[in-house]
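Inspection log for the structure reproduced underneath, given as structure tokens.
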Amino acid sequence: MGGTNQATAPPPPARTKSGQSIRYHKNAGEAHFHDDAGGFKGIMPYGDFQDVYTKWRDSDDGSDLVMIGTDDRGGHVQITCSPFVENGKQEVSVSVETIDTSSLPVGDSLVDLDKMAGY
């Protein structure tokens with residue numbers, strides 16, 4: 001356990017990976033999303049998380065918030081917050097899934113951005 005403002009979001013089974021419960025908190029300038037059962041965590045800079053989360057909450061349009069971060073093994077993760085209503089209250093489920101980008105081809109838009117960035 002660690003960090004500040006720690007909490008756990010038990011997801012409704014129909015919305016996220018079956019049985020996945022995500023523990024999340026802020027730690028050393030990062031937002032951490034732990035899948036303790038899966039044995040990994042998603043990490044993103046806290047400022048980035050705070051920015052996109054605030055915009056998502058302000059929009060209040062019922063859409064999912066999908067964020068990309070890194071895992072604790074040097075890979076990438078997709079962190080998804082999905083709003084729902086349960087017992088007359090607004091709730092959110094959180095899921096974290098690893099993303100294997102090593103076998104994905106690079107698309108034209110990424111090539112163009114790479115050129116602009118001098119990558």
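Annotations
- Positive minus negative residues near Phe49 (Lys, Arg vs Asp, Glu; Cβ under 10 Å): -2
- Between the beta carbons of Tyr119 and Asp64, assuming R0 = 25 Å, the FRET efficiency works out to 0.30 to the nearest 0.05.
Since every read-out is calculated from the coordinates, none of them should be taken as a lab result. What you are looking at is a predicted structure, and each value in this text was computed from that prediction instead of being measured. Neighbour counts run over all protein chains shown; Cβ positions are idealised from the backbone, glycine included.
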